[in-house]
Amino acid sequence: MAAAAAVFALLMASALAGAAAGGDIVHHDDEAPKIPGCSNDFILVKVQSWVNGKEDDEYVGVGARFGPKIVSKEKHANRTRLTLADPIDCCTSPKEKVSGDILLVQRGKCKFTKKAKFAEAAGASGIIIINHVHELYKMVCEKNETNLDINIPAVLLPRDAGFALHMVLTSGNSVYVQQYSPDRPVVDTAEVFLWLMAVGTVLCASYWSAWSARESLSEQEKLLKDGREVLLNVENGGSSGMIDINVASAIMFVVVASCFLIMLYKMMSSWFVELLVVIFGIGGVEGLQTCLVALLSRWFRPASESFFKVPFFGAVSYLTLAVSPFCIVFAVLWAVHRHFTYAWIGQDILGIALIITVIQIVRVPNLKVGSVLLSCAFFYDIFWVFVSKRWFHESVMIVVARGDKTDEDGVPMLLKIPRMFDPWGGYSIIGFGDILLPGLLVAFALRYDWAAKKSLQTGYFLWSMVAYGSGLLITYVALNLMDGHGQPALLYIVPFTLGALIALGWKRGELWNLWSKGEPQRVCTHMHVQPQPQQNYPNLLPLQGPRSL
């Protein structure tokens, strides 16, 4: 049961392997030209509204590439009257002149720059355009446009926000707005905590995996001392519950993960996210239960070693029975309250427990399998974050991770922390696969070190952990350099982690052993030279004692 849950959790994790993102809400536009008069950086803009003199809702839009820059400080922003344009799309000159008001217009069939020119000619001090979809897109200029002397700012609002302002205006209310674009911090504290969370999860999972492997090896050595017959009985029956990945399954795994990701992308809707929540909840219960039982068994050994049979589940310990209700209630409470601001805590706890459990159950047997798995994940990550835009006109991985086609704040197969000091809010997120897949290789390194009785300095675990942490750190550096847009984390993590292990093994002359066997050379200490049975040789007489006459 746990092994099947681990395999499915690994599949879900890999489907979102490259979902490291900063919670941005502005879409990419790589073809947006920069020309004279149209060279502004794209920025998010806060639009604070006042209705009949009372402070009302605040909306978020995106500034245009043309026009003057919008101020960054709220105290420098002017509070200006908002007026509904006539005609509403502002594709022709407004019927009436306005004196310094901001015009609210709908996105029509004409260019953004044309709307801004008509609004400026009518005396407007700015223009707010209502988009026809929920998402925000960047307002750009066309390459053949030359007359771009636009001196009023333009802001695009998503459809829901724009229609809310439109309804307030058509109801005869007096509306004023204030527009400003506060600067985003270079590094948010959330990214630091997310980095610590990911590295700590890999560290804990690796030690648990190595500890389980060492206990299993100790048990085998004990059986060898007890006798060969006992060993044969153990080898012929029973299972450790661990799953070793091979090369074929590593390749097939990425293929299946790609199909799963496409299914998520095509079927993404509110009901489908509900289904994912249920599946994640079941996996989270299994992971949290496994972790708690492993921790508590040290103090409640009699309860952990006493079993009784349960239909369908088989033998279950009394400790597992005591822990299971708590895990189920925890997962249900998270699922019911997942829209609350603090729900990310429950999601991260369930996710971390699931990742640790999977790394403890699923194992990479040698460096060859680990290299194939991470190399496939490396290209998978790049393809679905970057290359998929050519066919789907958007990054499939990022769209699925953010849950763009639903009312949810992303899918549940992510670790996330709210951006604490970011005036725009949102979350810093990382996909399970960015922790789990490299974690399998790091856990292999620690198992090898313990089996070979290596110290931290002479082993491979310490350096693989440093490489993983460095790769993840570079991911967040790239994330900030790319203005918070989603990055394929494995693009940076895999070369660091896999490269460090291969280079170190080659330098120490142990690469072939790591690559093929995955364990150190060991001489069995329990093998003894057995006395040869007495044989009858025709030319030799048996030794006889003294004979009496």
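The values are calculated or read from the model by the stated rules, or taken from the named source; none is laboratory data. Just so we're clear, the structure is a prediction, and the values are computed from it rather than from any experiment. Just the protein is used for accessible areas: all its heavy atoms, side chains included, with ligands, DNA and RNA removed. Shrake-Rupley method; radii C 1.70, N 1.55, O 1.52, S 1.80 Å.
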Leaving ligands, DNA and RNA out of it, rank GLU142, GLU510 by accessible area with a 1.4 Å probe, largest first. GLU142, GLU510
Expected field for VAL329, accessible surface area in Å² at 1.4 Å probe radius, rounded to 10, holds 80
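What's the carbon and sulfur percent of the stretch 316-406's accessible surface, probe 1.4 angstrom, rounded to a whole number? Don't skip to the answer; put the middle values down first.
Working: 2760 of 3760 Å².
C and S fraction of accessible area: 73 percent.
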Per residue, accessible area of the stretch 345-445 with a 1.4 Å probe, heavy atoms of protein chains only, in Å², comes to 28
Listed pairs LYS69/LYS95; LYS97/LYS138; LYS416/LYS517; LYS416/LYS454 exceeding 32 Å between Cα atoms: LYS416/LYS517; LYS416/LYS454
Excluding residues fewer than 8 positions from LYS54 in its own chain, the lysines with Cα under 23 Å of it are LYS46, LYS73, LYS75
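Could you calculate the contour length gain from PHE307 to ALA451, that is, 0.36 nm times the residue separation minus the distance between their Cα atoms, to one decimal place in nm?
On the way: separation 144, 0.36 × 144 = 51.84 nm, distance 3.12 nm.
Additional length available on full extension: 48.7 nm.
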Restricting to lysines and to Cα separations under 19 Å from LYS222, and discarding same-chain partners fewer than 8 apart, the set is LYS453
At a probe radius of 1.4 Å, what is the per-residue accessible area of CYS259, in Å² to the nearest 10? 80
Any idea of the accessible area per residue across the stretch 26-180, 1.4 Å probe, to the nearest Å²? 50
Return the long-range amide H neighbours of GLY126 (sequence gap of 5 or more, or a different chain), with a cut-off of under 5 Å between placed amide H atoms. LEU103
Probe radius 1.4 Å, ligands and nucleic acids ignored: give me the carbon and sulfur share of the accessible area of the stretch 26-180 as a rounded percent. 47
